[in-house]
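Peer 1: Attaching a single structure in structure tokens format; questions to follow.
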Amino acid sequence: MSYSRFIWQFLLFFAVHLLAATVAGSFSTFAILSLGGFILPLSSFPSWMTWGFWMSPLSYGEIGITVNEFRAPRWRKVSPGPENISVGEQIMRRRGLLFEGYFYWISLGALFGFFVLFNIVSTIALTYLGRPS
């Protein structure tokens, strides 16, 4: 009788653990995608929330990709209008990502920096917390 209760208790703990991991994973994915600029452009962020954009690794990926693409010569055609700016700059401005070309290198450095930081934190955590059994 107590063996069956142990199995049912174990099954319940397993379900709670699985749900907690799923909720935490879903929430962190939602936060990273929302703050990264893919779903919401930087221009639509409230001023008090822009820190989240700069803390998200995906925002640096988006900046690098956008600068590399829309600063290319094929996007330099000036469209008629009062602003007299290129098509690429119009697209970047619309998304709130009007950055200069050197931001490509800043983005690349930031992405490698996040990679190193996350690996150091993971190594320290595994060293002091031990491996999961």
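The values are calculated or read from the model by the stated rules, or taken from the named source; none is laboratory data. What you see is a predicted model; the values in this text were computed from it and never measured. For neighbour counting, all protein chains shown are included, and Cβ atoms are generated from backbone atoms with ideal geometry for every residue, glycine included. Heads up: the accessible areas ignore ligands, DNA and RNA and are worked out on the full protein's heavy atoms, side chains in. Shrake-Rupley method; radii C 1.70, N 1.55, O 1.52, S 1.80 Å.
Peer 1: Calculate for the chain the 222 nm mean residue ellipticity that helices alone would give, adding -39,500 (n - 2.57) per DSSP H run of length 4 or more and normalising by residue count, nearest 500 deg cm²/dmol.
Peer 2: About -22500 deg cm²/dmol.
Peer 1: Looking at (i) -0.42, -0.84, -1.59; (ii) -0.33, -0.72, -1.47; (iii) -0.60, -0.94, -1.28, which value of log10 I(q)/I(0) by the Debye sum over Cα atoms at q = 0.11, 0.16, 0.22 Å⁻¹ comes from a calculation on the structure shown?
Peer 2: (iii)
Peer 1: Among 29-41, 5-17, 106-118, what's the highest-first ranking by average C-beta atoms within 10 angstrom per residue? Write out the running numbers ahead of the final one.
Peer 2: Values: 29-41: 15.8, 5-17: 10.0, 106-118: 13.8.
Packing proxy ranking, top to bottom: 29-41, 106-118, 5-17.
Peer 1: Also: For the stretch 39-96, evaluate the Debye formula with one uniform point scatterer on each Cα (no solvent term) and list log10 I(q)/I(0) at q = 0.20, 0.30 Å⁻¹, rounded to two decimals.
Peer 2: -0.79, -1.18
Peer 1: Heavy atoms only, probe 1.4 Å: what % of the accessible area of the chain goes to carbon and sulfur, would you let me know? Don't skip to the answer; put the middle values down first.
Peer 2: Working: 7230 of 10040 Å².
So the carbon and sulfur contribution to the accessible surface is 72 percent.
Peer 1: Among the helices of the chain (complete DSSP H runs), which have Cα atoms covering no less than 27 Å along the helix axis and a Kyte-Doolittle mean of at least 1.0? Write out the running numbers ahead of the final one.
Peer 2: On the way: long enough: 2-35 (49 Å, 1.38); 103-129 (37 Å, 1.77).
Answer set is 2-35, 103-129.
Peer 1: Still on this structure, please answer the following. What whole-number value in Å² describes the accessible area per residue of the stretch 81-133 for a 1.4 Å probe?
Peer 2: Values: 4100 Å² over 53 residues.
About 77 Å² of surface per residue is accessible.
Peer 1: Can I ask one more? Please give the direction-averaged projected area of the C-alpha convex hull for the stretch 70-117, in square nanometres with one decimal. Before the final figure, lay out the partial values.
Peer 2: Numbers: hull surface 15.6 nm².
Reported value for the Cα convex hull: 3.9 nm².
Peer 1: Remind me, relative contact order of the chain in percent, using alpha carbon pairs under 8 angstrom and six or more residues apart? Don't jump to the answer; show the numbers that get you there.
Peer 2: On the way: 91 pairs, mean separation 27.0, N = 133.
The normalised contact order for the chain reaches 20 percent.
Peer 1: Any chance you could list the semi-axes, whole Å, largest first, of the equivalent ellipsoid that the Cα gyration tensor gives for the stretch 1-68, using √(5λ)? Present the calculation step by step, with values, prior to reporting the outcome.
Peer 2: Working: eigenvalues 358, 27, 10 Å².
So the equivalent ellipsoid measures 42, 12, 7 Å along its semi-axes.
Peer 1: Here's a follow-up. Would you please put 63-72, 46-55, 77-86 in order of how densely packed they are, using the mean number of other Cβ atoms within 10 angstrom per residue and starting with the highest? The partial results should precede the final answer.
Peer 2: Details: 63-72: 17.8, 46-55: 11.7, 77-86: 10.2.
My ranking of the peptides, most packed first, is 63-72, 46-55, 77-86.
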